[in-house]
Every structure is written in structure tokens, then in C-alpha cells.
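Read-outs: derived from the displayed coordinates by stated rules, not from any lab. Just so you know, these numbers come straight off a predicted model, no measurement behind them. No Cβ is skipped: glycine too gets one built from the backbone with ideal geometry, and neighbour counts run over all protein chains shown.
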């Protein structure tokens, strides 16, 4: 069983006192529902950093209130940034890149903040400022070295406080000189995004060269588009190998953030395996969130997809169509969603090119294989993916491995199979604290067991 780092849970977690829960199958219930999805984690955390480092006031509407965004806002407050939260909106008084000296910052398990904050802190012009940045136990096992080397190449002063290449970090101000830098993008696109966000604050223009490839380059495009909204234009090559960022300053903006397509996909999957119909009423069909490509997968599985101006509806088929292999590289956050619903298909489904998810909140390939086998499902595990064979999952107590995507994916099986219990479900608060209450709104019965 994976160790739980409960310190990373925030006050926005809804299930802190829940040890486990049991999902009840929908059975013969007709699933036809409309649902409003919370804001995008990817947009929220990028926009929070940009608003903080900008000159002037930023107003963000539709933020995601989750563990990751809570720790981001708390860290920004400790760095001297004033914020005011009302419902799902936040106003941010930007600091213009001049942070307050604060000896110790804690960022929880937030991978985005862990990759976005170091560069913009190092860009602070005051050489007197110094920060120790600590993360959760799992975040401290996730690699950070490519980003730190790149920031230091640009003149940053970041050192490791423990094991080389990992949190905790000591970051000193003094500014970034700018210039040219190379970086790898094959472990995480967030390294590129973190470098991009900090680059306009350097003393000279910055040119970034990606030495290999970027996994999920659409997330880098989201970063560039948001930078543009905050007043900084990035030039980049068609193959996303070269980026040129001018010395510039961000300007405060009023922005309505997109809903989270990654979260929407769990509810589309719910429809897919229950012959149901789910309409997400607040999602942009033209979004460049990479998990929107999962809609093509649902279509391949036999689902019917309908899109409107600001909504997407998925209708599940009589039988899920399997018997294919697919690269989930560009939408790897949905690899576990597909793996969890694959047992209900009429043929095996093979997922490839997702080796990088072994270094996410858990070793996701190993975690999903372990839990599916526990339910009696035949699974083949590969270095870069897995094959899931059709079968009837059996009742089981499944572990979340302290990973929100493991929890959210495996819970879907319980809507079809009786006796599926989920241990430590509070991990969903990392990106969707309301996940189980949203499932209940869909008609899914859930029994909660307190600590």
C-alpha cells in the first residue's frame, strides 16, 4: 500500500476524514445528466503565477479550488502577493516580479507549482532574497533537474537542499541574465512551461532549444497562449523545438478560465460504460487542452459525440468496441481512464507511449495494473504502457496509491460492478475535491467510511 502524505491535503479537501468508500452500481438506472465541471488545473495554476508576477491587478474567474491551487495561492501570499477569493473567482495584486523574502515555502504535491515557481523566484532582482522550497514526500521523489539546470544556465541561483535533482530547493534572488539555453522535454512538458514563464523577466531576451521532444506539447501551447494574454508574445518553431522570448513584463488582466477537460473525461467514461448520456455544459469544444483528444478515443469505443457552442455530450454504446492499440502520449492523463473502462470492451485494448507517467503522482502504469489484477482482470504490463483484456471485474478493496487519477479512474468500475471499495479517496482533492459529490449528483450511490 502506498504511503499517504496527508500534509499535502488542503482545507479545500472535502474528504479528509474519510478512510474509504464503496461505490454502488447504477444498475438499471437511466443515466441522462447535464453537469457543470470545475475549472482547469492547468489554466488555474499558470494564470495564478502570471497574475502574481504581473504589474497591476488580475481578476481570474472559474478557478479550480483544489489542493494544488490552494498551496499555490498560499505560497504566493507568503511571497507578498495579495489575493482575494470570492466563490470561484480570485483577484491578484501583481508584484511585478519583486517577491518578499520568505525563508520557507511549502507547495504540497503540486507538480505544476513545483515546476513554475523556481524560475520566477530566481528572476527576482534582489540578491538578498532567499527561499527554501519544500514539497510533499511524493513530489520530492519527482525529477526537477532539467528545469533547475536550465534556470541556472540563464543565471539563476538554485541549489538542492537534499538529494541532487529533487526537492527541497534553496532559491536565491539576483535575477536571470537571459541568453540561450537547451532543455529536455521528454520527462515533463512542465519543465518547458516553467522556463517560458520566467524568461520575460530576464535581463536579456531568451532562446530555448528543446534537445529531444516534448511530451504533451499542447500544455506548452496553453502556457504560451496565457503568456500572450498577459502581454508577452513568444515566437516558436512549428516543431516546438525552438522558442524566443523577449525581455518584457506581464500586465494584469481579467480572464475567464476554461473548465477542466481532464475531469470531464471521467464523466464521459461514466456514460461510455453505462449506456448513458452525459452533457458537460461549460466546456469549450475548441479547447487546446490535450485531453480533448480523448473524445476521439470515446468515438473509437463506439460512443456518439455531439458538440455545441460551449458544451459536449457523450452517449455510450450498447457494447464498448475494443481490439485496438493506441498511443496515449499526448493525452497521457487519460491513460488510466481508458485502462479502467477497458475490461468492459469486446476486445483487448493496448495503451502505449506513456512511460513518463511512471514518474507522476504514482508509478501510474504499475498502479493501474496492480489494482486491475486485484479485480481479476488480465493485464500485460510494458515499460511504456499496458494491455487490458475484456473481463468481469470482481469486488475488491482498491488502493489509490495517493494518486488522484488512480482514484478517479478505478471508481468508475464501481458504477458497473458491486463491491468496489476505494481506500483513501481523499487524494482526489489534488485536482477535483468535488469528484464524489459530482458522481452522487449523477445518481451513483456512495457509502463513506470515516477514519
Gyration tensor verdict on region 140-224 (Cα atoms; rounded if a/c is under 1.5, prolate if a/b is larger than b/c, oblate otherwise): oblate
Within region 282-319: backbone nitrogen closer than 13 Å to the residue 36 label point (7 Å, Cα to C-beta): 282-283
Rounded, prolate or oblate (a/c below 1.5 giving rounded, otherwise prolate when a/b exceeds b/c) for region 340-451 by Cα gyration tensor: oblate
Rg/Rg_globular for region 54-140, with Rg_globular taken as 2.2 N^0.38 Å and Rg from C-alpha atoms: 1.08
Nearest-ten-degree value, helix 111-122 long axis tilted from longest Cα axis of the chain: 0
Between 0 and 90°, nearest 10: helix 404-413 axis offset from the chain longest Cα axis: 10
In Å, descending, principal axis extents of the Cα set of region 298-403: 38, 28, 25
At q = 0.15, 0.17 Å⁻¹, base-10 log of I(q)/I(0) for region 41-256 (Debye sum, equal scatterers on each alpha carbon): -0.88, -1.18
Cα gyration tensor shape of region 378-433, rounded if a/c is under 1.5, else prolate or oblate by comparing a/b with b/c: oblate
Folded to 0 to 90 degrees: helix 67-78 orientation relative to the chain principal axis, Cα: 20
Cα radius of gyration and Dmax for the chain (Å): 21.4, 66
